[in-house]
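The structure under discussion appears below in the form of structure tokens.
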Amino acid sequence: VYRCVPDKQRSFALGVQSVFLRLLGTIPGPILFGVAIDNSCTLWDINECKTKGACWVYDNERMAYLLMGISAACKIITIIFVVMAVCLYKPP
């Protein structure tokens, strides 16, 4: 970040970077992992009102594949963006 912006805008650039890291790093992650955990449930506690409660039994193999798939996909996306940054960066 320090190399890509002028000296007067470094603190602003760090603030913008921090906001993007918080938005893209802390919000979608727990949602994706929660969806994966919910999808691996095989037996739900269903109330008399037909609403789903807590999960009683999980399919551990499916959960492992889903969580590893999410982690691997995020890592591949990260590698692609790092390679793009290395290839497209032009020093001032």
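Just a few scattered comments:
- Checklist (1) part of a helix (DSSP H, G or I); (2) under 30 Å from P91 (Cβ atoms); (3) not charged (D, E, K, R) applied to I70, failing item: (2)
- Pairs, first more than 19 Å from I77 (Cβ to Cβ) in region 24-43, second of a type in the set (S, T, Y) and open to solvent by 80 Å² or more (accessible area, probe 1.4 Å), C-beta under 8 Å, six or more apart: I37/Y58; S40/Y58; C41/Y58; T42/Y58
- Selection from region 18-44 of residues that are in a helix (DSSP H, G or I), modelled with pLDDT of 90 or more and surrounded by 11 or more Cβ atoms within 10 Å (Cβ to Cβ): S18, L32, F33, V35, A36, I37, D38, N39
- Residue within region 3-17 that is part of a loop (DSSP other than H, G, I, E, B) and surrounded by 10 or more Cβ atoms within 10 Å (Cβ to Cβ) present: yes
- Lone unmet requirement of (1) under 30 Å from D7 (Cβ atoms); (2) open to solvent by 70 Å² or more (accessible area, probe 1.4 Å); (3) under 22 Å from the mean Cα position of the chain (by Cα) for R62: (1)
- Restricting the first member to region 48-74 and to residues that are basic (K, R), and the second to residues that are open to solvent by less than 70 Å² (accessible area, probe 1.4 Å), the beta-carbon pairs closer than 6 Å and six or more apart or on different chains are K52/W44; R62/S40.
The values are calculated or read from the model by the stated rules, or taken from the named source; none is laboratory data. For clarity, every value in this text was computed on a predicted model and none was experimentally measured. Every residue, glycine as well, gets a Cβ built from its backbone with ideal geometry; the counts of neighbours run over all protein chains shown. Only protein heavy atoms, including side chains, enter the accessible area calculation; ligands, DNA and RNA are left aside. Shrake-Rupley method; radii C 1.70, N 1.55, O 1.52, S 1.80 Å.
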